[in-house]
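Undergrad: Once you've had a glance at the structure underneath, I'll fire off some questions.
The values are calculated or read from the model by the stated rules, or taken from the named source; none is laboratory data. Worth saying up front: this structure is predicted, and the values here are computed from it rather than measured. Here the Cβ positions follow ideal geometry from the backbone for every residue, glycine too, while neighbour counts run over all protein chains shown. Areas reflect the complete protein model, heavy atoms only, side chains present, ligands, DNA and RNA absent. Shrake-Rupley method; radii C 1.70, N 1.55, O 1.52, S 1.80 Å.
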Amino acid sequence: MHTRHRQLLVAAACGGIASAVAIPEPTTAPTAVRAPFTAPIITPAVVPQHGLDRRSPDIISDIVNGAGDALHSLGSVIGQDLPSYVMSGIPNYFQGFPTGDQVKSSLGINDRDLNAKPTQVLNIPPYANWTEQGWNVRFHGNVYKTPNISQEKLDEFANIFLIGVDLKDLPADQQAQARNLTQEIFIVQQADQNVSFHLEPAPSQGSSGEPGGGGAITPPGGSQNITFPYETTNLGDFDAFVPIKNVSGAGLLAGNETENIQRLNVYTDGSIEGNATAFLVPPEGITIISDVDDILRVTKIYQPKEGLLNSFARPFTPWMNMPEIYANWSRTLPNSTHFHYLTTTPEQVTRNYMDFIYKTYPGGSFDTRPLNFSDVSATLSIRQYLLTKIFETFPKRRFVLVADTSNSDIMKDYPQLAHDHPEQVACIFLRNTSATDSSDLFPYDTSRFEGLNSKSYMFFRTPDDLRGLDIVNGQCLNSSVPQNLTFGVQDEMLGIGRKKGEGSKLGGSGISALVAAFVGAFLLL
């Protein structure tokens with residue numbers, strides 16, 4: 001059973017087959033909020049009727065066979081475009097998490113068994129925008145219950161997410177973390193639930209920069225109670241902008257009268273874990289949107305075995321001295337600077353992410369992958385959906401986009417935003433993992449950057465490459481850092497460099513390395 005589950009996990013990691021999910025169109029945050037509300041931002045999606053225990057075990061063999069066919073025919077792609085699945089990179093390997101019904105089935109429990117369990121809430125740190133009617137907070141998260149799972153069963157489930165290692169062989173602290181994270185995955189989402197919150201000024205959030213982190217301030221007031229206007233979806237999600245009271249007198253500062261980001265603590269009624277911090281963001285200023293994996297922390301998502309260990313068992317570790325760079329941005333950029341962390345990791349496993357960020361980086365709002373975006377096709381669109389949402393919510397703000405080259409969706413979405421919204425994208429910073437990590441053997445495509453101002457983006461190799469840049473005035477290029485863009489397929493470790501319209505330049509050593517990359521991605525079972 002463990003082997004088959006591992007196979008299914010790697011199948012999903014390498015682009016496994018999944019049923020299509022209809023993705024809701026991005027909804028612009030309204031300039032004027034009227035009651036009653038019409039619909040929540042996230043709408044329920046079609047849930048695939050197959051799960052970990054029902055997928056065909058032939059999926060992995062189909063993928064491996066397909067990879068094998070490609071490997072045998074690599075000679076035919078020399079001078080031509082590389083296969084599309086190479087260019088797709090490695091999708092996030094957190095795929096195929098069980099639904100609540102599947103969890104109940106696997107544990108042999110029913111709703112009556114869960115009745116005595118407390119309802120819990122994952123409250124994701126929100127951002128708020130200012131309109132003529134006041135502040136609107138985008139409350140979002142998930143409502144769920146945690147069933148009783150024996151340690152023996154937890155160990156069995158945890159081993160599903162480990163490749164080439166058994167849980168019992170890990171150090172005790174890593175075993176404990178893997179069990180805790182597994183428990184967060186095997187939950188039962190609660191549909192049709194009402195959620196309410198208590199808001200009050202937040203004295204601090206985040207670890208670096210100005211006191212409290214992120215350069216944000218504690219407002220003079222704003223305490224109030226809020227009832228979310230919709231019930232949770234069939235997967236327990238809630239997500240919508242909700243107007244809050246400005247509270248006359250010693251209350252919140254109006255968004256058109258301050259440059260400062262304001263912090264409010266958000267306590268979920270009836271849940272001891274449903275706490276978060278809301279960031280009230282004025283209409284103008286700079287928002288830094290940052291990916292987390294392999295840019296703020298060491299993950300190695302391009303190595304499935306290492307990536308899973310770094311995500312499930314090992315303590316989160318900052319990537320080099322990146323915290324110093326963010327702390328400096330927090331101290332030196334204008335007070336209106338807002339930090340936003342966007343990861344396509346599923347929301348069930350993001351508590352570790354949020355805890356790591358708030359201990360290591362400036363405080364800021366968060367976006368994760370809701371359960372409604374649960375299959376491969378939806379995952380490849382969720383980043384664009386979330387980016388579009390925040391761009392449309394803050395049409396007068398300028399954005400700094402930070403990530404790495406190992407994410408194929410980023411390599412498309414980030415430059416496309418710069419083409420579509422040149423007045424909003426101030427800088428794009430991408431860590432070139434292929435130039436600095438010999439284990440990253442997957443090509444990346446820089447073709448979407450063609451036509452952009454060459455000083456508006458930079459492919460960097462170390463955090464120190466980001467020092468001394470004039471971000472406010474759009475000077476985003478450190479001239480001492482070689483760029484070597486081909487505006488096509490490239491990979492320094494593989495020796496691949498192709499300019500747009502040309503065939504791939506893949507030498508013998510490049511072929512060998514690409515073979516190794518395929519073997520590493522598909523055959524680590």
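Undergrad: Considering amide H positions built from the backbone, and no H for Pro or chain starts, which residues 5 or more places from Asp367, or on another chain, come under 5 Å of its amide H?
TA: Here the answer is Tyr341, Leu342, Thr343, since their amide H atoms fall under 5 Å of that of Asp367.
Undergrad: Please give the peptides 480-489, 112-121 ranked by average Cβ packing (other Cβ atoms within 10 Å per residue), highest first, as a rough proxy for protection.
TA: Descending packing order for the listed peptides: 480-489, 112-121.
Undergrad: According to a simple spin-label model (label point 7 Å from Cα along Cα-to-Cβ), what is the distance in nm between Thr332 and Val165?
TA: 3.7
Undergrad: Cβ under 15 Å from Asp413's Cβ, Asp413 left aside: what net charge do those residues give with Lys, Arg +1 and Asp, Glu -1?
TA: Every neighbour counted, the sum reads -2.
Undergrad: So, one more: Going down the table (Lys359/Lys389; Lys153/Lys305; Lys389/Lys412; Lys245/Lys359), which pairs top 20 Å between alpha carbons?
TA: In this structure, Lys359/Lys389; Lys153/Lys305; Lys245/Lys359 lie more than 20 Å apart at Cα.
Undergrad: Using only the Cα atoms, work out Rg/Rh for region 181-311, with Rh taken as the Kirkwood radius, to two decimals.
TA: Result: Rg/Rh = 1.03.
Undergrad: Sticking with this one: What spacing in nm lies between the two simple spin-label points modelled at Asp101 and Glu392, each 7 Å away from Cα in the Cβ direction?
TA: For the pair Asp101/Glu392, the computed spacing is 3.0 nm.
Undergrad: Let me ask something additional. Under the 0.36 nm per residue contour assumption, what length would be gained going from the current alpha-carbon distance of Asn321 and Asn256 to full extension?
TA: Here the segment from Asn321 to Asn256 would lengthen by 19.8 nm.
Undergrad: With every protein chain left in place, what is the accessible area per residue of region 123-222 in square angstrom, probe 1.4 Å?
TA: 35
Undergrad: How much FRET efficiency would the formula 1/(1 + (r/R0)^6) give for Asp420 and Lys455, where r is the Cβ-Cβ distance and R0 is 22 Å, rounded to 0.05?
TA: 0.70
Undergrad: Excluding same-chain residues fewer than 8 positions from Lys168, which aspartates and glutamates have a Cα within less than 15 Å of its Cα?
TA: Qualifying aspartates and glutamates at Cα under 15 Å: Glu152, Asp155, Glu156.
Undergrad: Assuming R0 = 60 Å, can you tell me the calculated FRET efficiency for the pair Glu284 and Lys117, based on Cβ-Cβ distance, to the nearest 0.05?
TA: 0.85
Undergrad: Computing the accessible area with a 1.4 Å probe over protein heavy atoms, can you report the carbon and sulfur percentage for region 173-302?
TA: 45
Undergrad: Figure the gain on full extension for Thr227 and His198 (residue separation times 0.36 nm, minus the Cα-Cα span) and round it to one decimal in nm.
TA: Fully extending the segment from Thr227 to His198 adds 9.6 nm.
Undergrad: Suppose R0 equals 60 Å; then what is the FRET efficiency for Ala191 and Thr436 from their Cβ-Cβ distance, rounded to the nearest 0.05?
TA: 0.85
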